[in-house]
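J.: Structure incoming, see below.
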Amino acid sequence: MKNSDKPIVALIYDFDGTLAPGNMQEYSFIKAIGKTADEFWAESHRMADTQDADGILIYMLLMLDEARKKNISLTKESFMKFGRDVNFFPGVESWFKRIKDIGKQEGVVVEHYINSSGLLEILEGMKIAKEFKAIFASSFYYSKKGNAIWPAAAVNYTNKTQFLFKINKGILNIHDSEKINESMPEEDKRVAFPNMIYFGDGETDVPCMKLTKQLGGTSIAVYNSGIYNKKIIAQELLDQQRVNYICPADYRQGKKMETLVKTIIRKIKADDDLSKISL
């Protein structure tokens, strides 16, 4: 955190089900290959179960296979185009600037990050992409002609935790495997774990949410109030002490999410002030 008089507060978001309803592939890609979301994910789960394979790698393979069958060229540009069709939860598009402004008023620097098992290329095509300090997500490797041919990175539910440590040390890329393992004095780490707020929507985010909470940060289980069982799942995570809070996925001004995050930011600032007094 150091190198700044103001503490840095990192807001780290899962994407699917957290900032947007459903999965990002469902908005345009799955429609383009002529399948329903249920059909695509059922086949993906069947393949992963049959081969005892990683579910993220399998859905990426299935995307490539289905696109070839339909003669759909999967380039970075086509993925980004799919990203333009994704719809967000209420208030998301104005959320990032509002929270940065709140942070500025409270005397902290707010940064936004995505930590997702979804696709980097689709995320980069979304209108909110510019709001993030870094986007950690799965991605494809491309041929010289620019076509996706192989997974370059597969971010699954447990290896997502590595990106918390990268944010902690100020590492903003996936491929670095050296600096992340180097010893670093706590005072040189860019974002202290207690200054992290993690947003996730369910069981697939448990490793990150629980780790953030264990290391002194704050975890928020976000739920879609339009789906009857989502609040039940979030409440179970709270009852099991895997998260600090639960909140509906409504990011509009004046709603519970904004009030909660504003209060957490104030607490982080107060804790930072107290730590300086005690030195």
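The values are calculated or read from the model by the stated rules, or taken from the named source; none is laboratory data. Just so it is clear, the structure is predicted and the values come from calculations on it, not from any experiment. Quick reminder, even Gly has a Cβ in these numbers, built from the backbone with ideal geometry, and neighbours come from all protein chains shown.
Yes/no per residue for (1) acidic (D, E); (2) in contact with a Ser or Thr (Cβ under 7 Å, 6 or more places away or on another chain):
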site	(1), (2)
M126	no, no
Y141	no, no
I149	no, yes
H175	no, no
E178	yes, no
V191	no, no
F199	no, yes
C208	no, yes
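J.: Identify, please: which residue in the range 151-189 is within 21 Å of T204 (Cα to Cα) and of a type in the set (V, I, T) and is, among those, surrounded by the fewest Cβ atoms within 10 Å (Cβ to Cβ)?
T.: So, considering only residues that are within 21 Å of T204 (Cα to Cα) and of a type in the set (V, I, T), the one surrounded by the fewest Cβ atoms within 10 Å (Cβ to Cβ) is T158.
J.: Taking F136, is it outside any helix (DSSP H, G or I), hydrophobic (A, V, I, L, M, F, W, C) and modelled with pLDDT of 95 or more?
T.: yes
J.: Additional query: Could you check, for the range 89-109, whether at least one of its residues is touching a Ser or Thr at 6+ places or on another chain (Cβ under 7 Å), under 24 Å from K166 (Cα atoms) and touching a residue at least 40 places away in the same chain (Cβ under 8 Å)?
T.: Filtering the range 89-109 down to residues touching a Ser or Thr at 6+ places or on another chain (Cβ under 7 Å) leaves 109.
Okay, now just the ones that are also under 24 Å from K166 (Cα atoms), so 109.
Going one step further and asking which of them are touching a residue at least 40 places away in the same chain (Cβ under 8 Å), we end up with 109.
Yes, the range 89-109 contains at least one residue that is touching a Ser or Thr at 6+ places or on another chain (Cβ under 7 Å), under 24 Å from K166 (Cα atoms) and touching a residue at least 40 places away in the same chain (Cβ under 8 Å).
J.: Something else now. Does G146 satisfy the condition of being touching a helix residue (DSSP H, G or I) at 6+ places or on another chain (Cβ under 6 Å) and either modelled with pLDDT of 95 or more or not β-branched (V, I, T) (or both)?
T.: Details: touching a helix residue (DSSP H, G or I) at 6+ places or on another chain (Cβ under 6 Å): no; either modelled with pLDDT of 95 or more or not β-branched (V, I, T) (or both): yes.
Against the criterion (touching a helix residue (DSSP H, G or I) at 6+ places or on another chain (Cβ under 6 Å) and either modelled with pLDDT of 95 or more or not β-branched (V, I, T) (or both)), G146 does not qualify.
J.: Next question. So how many residues does the range 202-217 have that are at pLDDT below 95 and crowded, with 24+ Cβ neighbours inside 10 Å?
T.: Total meeting the criteria: 1.
J.: Check off (1) in contact with a His (Cβ under 8 Å, 6 or more places away or on another chain); (2) under 22 Å from A153 (Cβ atoms); (3) in the same structural domain as K130 (by TED's automatic domain parsing) for F96 and give me the number that stays unchecked.
T.: If we test F96 against (1) in contact with a His (Cβ under 8 Å, 6 or more places away or on another chain); (2) under 22 Å from A153 (Cβ atoms); (3) in the same structural domain as K130 (by TED's automatic domain parsing), just (2) comes out false.
J.: Looking at the range 160-202, which of its residues are polar (S, T, N, Q) and either closer than 29 Å to V92 by Cβ or within 19 Å of the chain's Cα centre (by Cα) (or both)?
T.: The answer is T161, Q162, N168, N173, N195.
J.: Applying the selection to the range 225-254, what residues are closer than 19 Å to V110 by Cα and in contact (Cβ under 8 Å) with a residue 40 or more places away in the chain?
T.: Y251, R252, Q253 - these are the residues of the range 225-254 that are closer than 19 Å to V110 by Cα and in contact (Cβ under 8 Å) with a residue 40 or more places away in the chain.
J.: Hey, does the range 193-210 have a residue that's assigned by TED's automatic domain parsing to the domain that holds G107, over 17 Å from I114 (Cβ atoms) and among the small types (G, A, S)? It would help to see each step written out before you state the result.
T.: Start the filter on the range 193-210 by keeping residues that are assigned by TED's automatic domain parsing to the domain that holds G107, which leaves 193-210.
Those still in the list that are over 17 Å from I114 (Cβ atoms) too: 193-195, 203, 206, 210.
Pick out the ones that are also among the small types (G, A, S) and you get none.
There is no residue in the range 193-210 that is assigned by TED's automatic domain parsing to the domain that holds G107, over 17 Å from I114 (Cβ atoms) and among the small types (G, A, S).
J.: Keeping to the range 242-279, report how many residues are among the β-branched types (V, I, T) and either touching a strand residue (DSSP E or B) at 6+ places or on another chain (Cβ under 8 Å) or surrounded by 15 or more Cβ atoms within 10 Å (Cβ to Cβ) (or both).
T.: Total satisfying the criteria: 6.
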